[in-house]
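Readers should treat all values here as calculations from the given coordinates under stated rules, not as data from a laboratory. These numbers were taken from a predicted model, which means no experiment stands behind them. Counting neighbours? That spans all protein chains shown, and the Cβs are built from the backbone with ideal geometry, glycine included.
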Amino acid sequence: DSMVQGRGIKCSLCTRALKKIQALAGDNPDEAAVTAALQKGCRALGRVVGKVCQRLVNKYQDQITEGLQNGDTPRNICTAIGICRS
């Protein structure tokens, strides 16, 4: 089932992107740190993945920022925005 497979790829992509962004934002990031990390993190993933990452960030920036500031795991954030299944 390609839909499920596509979702699995999106999920691992989302998790990977957020791990990168989380590392760049550091511990206890403020909103500015998260915003900067969101932009840098997507670029660091390369062109193709970076484009998908950028779309994700644009669409879910508030939830991602909030999740990172709350100390949620990348997997939990991706699940919360509906990309990963819990």
Honestly the chain on the Cα gyration tensor test (a ≥ b ≥ c root eigenvalues; a/c under 1.5 rounded, otherwise a/b vs b/c for prolate or oblate) is just oblate
Environment charge of residue 20, counting only residues whose C-beta is closer than 12 Å and scoring Lys/Arg +1, Asp/Glu -1
+4
Computed ³J(HN,Hα) along the range 12-23: with the Karplus parameters 6.51/-1.76/1.60, θ = phi - 60°, integer Hz and x for glycine or proline, the list is 5, 5, 4, 4, 5, 4, 6, 4, 5, 5, 4, 5
